[in-house]
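The values are calculated or read from the model by the stated rules, or taken from the named source; none is laboratory data. In this text, all values refer to a predicted model and were calculated from it rather than measured experimentally. All Cβ positions, glycine included, derive from the backbone under ideal geometry; neighbour counts span all protein chains shown. The area values use the complete protein model at the heavy-atom level, side chains included, leaving out ligands, DNA and RNA. Shrake-Rupley method; radii C 1.70, N 1.55, O 1.52, S 1.80 Å.
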Amino acid sequence: MIILDKNYYDDDKSKIGEINAKILAFDLPFRILFAPLYGTLSDRFGRKAMYYYALFSLLAGFVTAPMHDTIFPGYLFSRLLIINGGVCWLVLPFNADYVDNEYKGRAAGIAYTVGAMGAVVAAFALVVLQ
């Protein structure tokens, strides 16, 4: 099992940072692209439907994550399922309370997209400053 064996993937320890960066290279654009979509879907179908979708996505991601033998594409797919659920679950329903009723989800999706873009800019700035 992955949790019990540190060398399960048999990756060189010097490449762990590179592997994490590759996963984040898929993670952040996924958040930026899909947050506005989930915001619009939240406006159309309601928060409850988005909660169920997010719960299913998180559950599928957490269940499948330890089942893969490779990081790419196996674990990456599970990670995207987890991020998918996280975008829906944490951001859209809660941030939407500060906006007019008609555009709640869309505004929250845009706010989350701008936040994710800020994370990309901050990471890029740290790399350039080193």
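Within 10 Å, count the other beta carbons around each residue, average over each peptide in 53-64, 78-89, 17-28, and list them highest first. All intermediate terms of the calculation are to be shown ahead of the outcome.
On the way: 53-64: 16.0, 78-89: 20.5, 17-28: 13.8.
Averaged packing, sorted descending, gives the order 78-89, 53-64, 17-28.
Quote the accessible area belonging to Y75 in square angstrom, nearest 10, computed with a 1.4 Å probe and with ligands, DNA and RNA left uncounted.
Approximately 60 Å² of Y75 is accessible to the 1.4 Å probe.
Please give the per residue accessible area of segment 12-69, computed with a probe of 1.4 Å over protein heavy atoms only, in Å². Spell out each step's value before the answer.
Numbers: 3800 Å² over 58 residues.
Normalised by residue count, the accessible surface of segment 12-69 is 65 Å².
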